[in-house]
Each structure stands twice: as structure tokens, then as C-alpha cells.
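> First the structure, then my questions, so here it is.
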Amino acid sequence: MIAFVQGPVAAITPGSAVVEVGGVGMLVKCTPRTLAELRIGQHTRLTTSLIVKEDSLTLYGFADEDERATFEILLTASGVAATMALAMLGVFTPDELRRAVAQGDAKSLTAVPRIGPKLAQKLLLEYKDKLGAPHGSVPAQQPVASGPAPWSEQLHAALVGLGYAPREAEEAVAAVTPEAEAQQRTDVGALLKSALRSLNRTR
């Protein structure tokens, strides 16, 4: 079990990052929210979960232990693969997920790609006794530090990574541009939620 990886960020792609650990580049799949916080060349520490299959070993990275533990609980539901669990954590923080489940809010879960109303209701039942109660008030989204890639590129890559077509992602980016311009510091996590809402309205 690889509990965490620590070292400089060597590369960032739409769905993963490469962290150099002892001269070895470790490919770690992450949520768009986590990737938006990383910068190439900067030191980072990601809590990880290793998924072992017959033909692959895949490492998933998270900002903290709560996010990792939530990811592993999400995987316990039938029909939920790692990609869908990661998508849920790309849209919601762990406490937002706990709140949605505690309130029986199936509609909010449908903001996640590939989760329709029927699956959302099923997941509410499966997670009700597993995720537990919210830890407190939902924390405000952390502003994303400025970096070489503009917010529009980060958001577009995040949407494509969640399974949307590039054209759909472009339209969603355009839809949230006024919101982004109104922010003092660009919050990619909040923009991602708004973009997903706009995509759901057009489908």
C-alpha cells in the first residue's frame, strides 16, 4: 500500500500529475480540484489510494486523508468504479457529499457526469450509513493560486477529463466566463460546478 507520494511535480495533464519520488516519476490520477492546486516544479504531498487490477496498477492522489477515505467509501457502492468516484470528488468536497446524502438530495448528485436520477437514488441508499454526518458547515472553496495555465484551460481540461466532448466543454467555459471575470481570484472548483450545471440544462 502506497500511503502517500511526496516530491516535486514533474508534469500535469488533464487527469493526472507526475510526482518525482526518489528519481522515479509516479503517475497519480487526481480530481480537477486537486490538479488546479499543483504547479510544475513545486513540492507537493498527495495522500494516495492504490487500485490493483489484473492488468494494471493505478495510483489515485488526494489533497488530504478525508478525501482519500471518502474515495474508498464511494468505491464500495455497486456499479461505482474509480473513475466515477473521482468524478464525484471532482464536483463535491467530502463534506458536501456527506451533506447531500444526509439530506437525501439526489438532484445534486446528478451534477456528476453519468449519474442519472435513478442511480442517484440508489447511491443515496448505499451511502446513507457509510459516509456519516457532515463534519460541519461546508467550507468555502479555496481560491486557486495564479499559475501558467489560465482558468479557461484548466476548466476545459477538467470537463474533458470528466467525459464531455471538447465542443461541450468550450460552450460550458463560455457560459461561466462572466462568473469568472467577476471573481477577484479565480476559483476553478466553483466554476466547474457552474459549468456542470450549464451542461445539465442543455442536455
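> Only one of these conditions is not met by Val101: (1) surrounded by 15 or more Cβ atoms within 10 Å (Cβ to Cβ); (2) at positive phi. Which number is it?
Against the list (1) surrounded by 15 or more Cβ atoms within 10 Å (Cβ to Cβ); (2) at positive phi, Val101 comes up short only on (2).
> Let me ask another. I need a count of the residues in region 6-16 that are touching a Gly at 6+ places or on another chain (Cβ under 7 Å) and either of a type in the set (Ser, Thr, Tyr) or open to solvent by less than 60 Å² (accessible area, probe 1.4 Å) (or both).
4
> Pick from Ser146, Ser78: which is open to solvent by 30 Å² or more (accessible area, probe 1.4 Å) and at pLDDT 80 or above?
Ser78
> Could I ask something else about it? Looking at (1) of a type in the set (A, V, I, L, M, F, W, C); (2) open to solvent by less than 70 Å² (accessible area, probe 1.4 Å); (3) more than 23 Å from Ser194 (Cα to Cα), can you tell me which one Leu125 breaks?
(2)
> Can you find even one residue in region 85-92 that is open to solvent by less than 70 Å² (accessible area, probe 1.4 Å), out of contact with any Asp or Glu (no Cβ under 9 Å at 6 or more places or on another chain) and over 18 Å from Gly189 (Cα atoms)?
No, that holds for no residue.
The values are calculated or read from the model by the stated rules, or taken from the named source; none is laboratory data. Here the structure is a predicted model, which means the values were calculated and not measured. Here the Cβ is made from the backbone with ideal geometry for all residues, glycine too, and neighbour counts use every protein chain on show. Areas reflect the complete protein model, heavy atoms only, side chains present, ligands, DNA and RNA absent. Shrake-Rupley method; radii C 1.70, N 1.55, O 1.52, S 1.80 Å.
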